[in-house]
Amino acid sequence: MAVFKQYINGKAVAAKSGKTLSVEDPSTRAKVATVPHSGKEDINAAVSAARAAFPSWSSTTPGERSLALLKLADALESQKRKFVTAESQNAGKPISAVGVEVDAVVDNLRYFAGAARNMEGKAVAEYLPGRTSMIRRDPVGVIASIAPWNYPLLMAGWKIGPALATGNTIVLKPSARTPISALMLGALAQEILPPGVLNVITGPGSDVGAALSRHPGIDMVSVTGDTATGKRIAAAGAESVKRLHLELGGKAPVLIFDDADLELAAETMRAASFWNAGQDCTAACRIVVGPKSYEKFVALLEQQVKTIKVGATTDKATEMGSLISAEQLKRVEGFVSRASKKAEIVYGGKTIRSKGHYYSPTIIAGPAQSSEIVQDEVFGPVVTVQRAKSDEQMVEWANDCRVGLASSIWTNDVARAFKVSKALQFGTVWVNDHFTLASEMPHGGFKQSGYGKDQSMYALEDYTVAKHIMVRSE
Ligand code: NAD
């Protein structure tokens, strides 16, 4: 069994207490590694190291930081195979599905390497006679970056890129279930970055995450996780008015209008709804179909879903792997069992007997708009399909939700695509597509999906503070 250490001030170290946590492969429940269970002393040491590294790292030129990010991207790319194997094993993902996640992190780091050199402030000007004003964008300071288990490396990468590009230093805490790829990335970073610029500590959110996000030495907390976790961190951060970057839950609606290409929509849902076993904040999980197309679409979707290959994560042909944990499996079973009392299970709805935490891809037809299965994030391989009476009802149902991360519209009418895109309260609206991301474009939510953007130049703004400098010039 592999034994991992955490990274504090450039060194690989065990927890001061000697405590460890074991990490399992969710697809077999085999113990695969131990990682440190950080304690108060480790958290203090990591925050102090990041504080000590901040003055010199924030004084490097954008060109120097850009070069460091490019080196990190190259190092990750050169070890892609190792990362794919580790991430697949630690997160229960099919081996064939993880390569694109590693590629996305490499691309993201390269994007931020370029973006670091292109950040602009407002032009210098005299807004008052005899006074010259300019805007600087300064780094925030020490960032606590707290990542979830569903895309452990990808989410760590999304946090590291913009924070380092803008001159911040970091204490990264991955999920206790999936710490391995963040520790491996931490190891690569120690070869490239000065000590203390990127520290990685490990442990559960309830103690290590909570203590880190409350720590007086932390200037900003960037968390990707459940909406309830975001609320707890926001409440704890209020004590010292910490800056927050919250990427929280989603419940993405898919609006399929009667003029849409139904085959294309059904084929796209095969991946958009079931990729990563539906454990995705943008998963296409609540489908609303126009009155004339409903039956046909449900049949087309069933045809697609039937062909999803669920199996061992090490099998290259597998498309859907295990859920992350026994708790997550129980959660999905509970949602489907309650929903089945008032809606029809068209396909799936079963736990798959195995050593891991497998659940079948599932389609539920006809749930009420107010029902739990439509309103709450399941975070599993489960989609609902509802029949709407009109275009207006489709938009109304889409927006009738506490969260607002991503959505999609399916239509061949350009005017309708623009009108509905404007009306939807979601951070992303895809038209005739779902799921595709680009490093240049922002990712983040409306409503209880949180605030702040990952990716794009908007992330650089979030990891900096605008400073006005006014000089008496006459
Ligand atoms: P989670 O909220 O359980 O945990 C996220 C991280 O927060 C983990 O590192 C955890 O240890 C830590 N944490 C938990 N409680 C904490 C506390 N009180 N203080 C500080 N840290 C704490 O989320 P998860 O189950 O790992 O991930 C699934 C959730 O993440 C889903 O709700 C999903 O929608 C969301 N998510 C959102 C996005 C996005 O971009 N908006 C992306 C991926 C996942």
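The values are calculated or read from the model by the stated rules, or taken from the named source; none is laboratory data. Since this is a predicted model, take the numbers as computed values, not measurements. A quick note on method: Cβ atoms are made from the backbone with ideal geometry, for glycine too, and the neighbour counts reach across all protein chains shown. Protein only, heavy atoms only, side chains kept; ligands, DNA and RNA dropped before computing areas. Shrake-Rupley method; radii C 1.70, N 1.55, O 1.52, S 1.80 Å.
Using only side-chain charges placed at the Cβ, +1 for Lys and Arg and -1 for Asp and Glu, the dipole size of the stretch 395-458 relative to its Cα centre rounds to 180 debye. For the stretch 87-135, the set of trypsin sites (Lys or Arg not before Pro) satisfying both a DSSP loop assignment and a count of at most 15 other C-beta atoms within 10 Å is given as ARG117, LYS122.
What does the charge dipole of the stretch 363-474 about its Cα centre add up to, to the nearest 20 debye, if the Cβ of each Lys and Arg holds +1 and the Cβ of each Asp and Glu holds -1?
Working: 10 positive and 14 negative charges, 40 e Å.
Around 200 debye, computed over the stretch 363-474.
Straight-line reach from LYS16: taking Cα to Cα under 17 Å and skipping same-chain neighbours fewer than 8 places apart, the lysines in range are LYS5, LYS40, LYS173.
Given Cα pairs under 8 Å that are at least 6 residues apart, what percent is the relative contact order of the stretch 79-153?
Working: 41 pairs, mean separation 21.5, N = 75.
Across the stretch 79-153, relative contact order equals 29 percent.
Multiplying the residue separation of ALA52 and TYR127 by 0.36 nm and subtracting their alpha-carbon distance yields 23.2 nm. Take TYR151: with every protein chain present and a 1.4 Å probe, its accessible area is about 20 Å².
When the helix-only estimate is applied to the chain (DSSP H runs of n ≥ 4, each -39,500 (n - 2.57), divided by the residue count), what is the mean residue ellipticity at 222 nm, nearest 500 deg cm²/dmol? Write out the running numbers ahead of the final one.
Numbers: 15 runs with 181 residues, N = 474.
That comes out to -12000 deg cm²/dmol.
Using a 1.4 Å probe on the protein heavy atoms, what percent of the accessible area of the stretch 133-207 belongs to carbon and sulfur?
Details: 820 of 1500 Å².
The value for the stretch 133-207 is 55 percent carbon and sulfur by accessible area.
Each Cα pair under 8 Å and six or more residues apart adds its sequence gap; the mean of these over the residue count of the chain is a relative contact order of 18 percent. Label sites at LYS16 and GLU333, each approximated as a point 7 angstrom past Cα along Cα to Cβ, lie 4.2 nm apart.
List the pairs from LYS296/LYS419; LYS292/LYS447; LYS389/LYS447; LYS31/LYS93 whose alpha-carbon separation is above 20 Å, in the order I gave them. Violating the 20 Å Cα-Cα cut-off are LYS296/LYS419; LYS292/LYS447; LYS389/LYS447. Taking every protein chain into account, the accessible area of the stretch 381-445 amounts to 45 square angstrom per residue (probe 1.4 Å).
What's the magnitude of the charge dipole for the stretch 68-187 around its Cα centre, counting Lys and Arg as +1 and Asp and Glu as -1 at the beta-carbon? Answer in Debye, nearest 20.
Value, rounded to 20: 180 debye.
On the accessible surface of the stretch 379-420, probed at 1.4 Å, how many percent belong to carbon and sulfur atoms? Carbon and sulfur together cover 55 percent of it.
Excluding ligands, DNA and RNA, the accessible surface per residue across the stretch 98-168 is 35 Å² with a 1.4 Å probe.
For the stretch 138-221, the relative contact order comes to 38 percent (Cα pairs under 8 Å, sequence separation of at least 6). Rolling a 1.4 Å probe over the protein chains gives VAL471 an accessible area of about 80 Å². Of the residues THR224, SER213, ALA266, the one whose Cα sits farthest toward the positive end of the charge dipole of the stretch 188-273, with +1 on the Cβ of Lys and Arg and -1 on the Cβ of Asp and Glu, is SER213.
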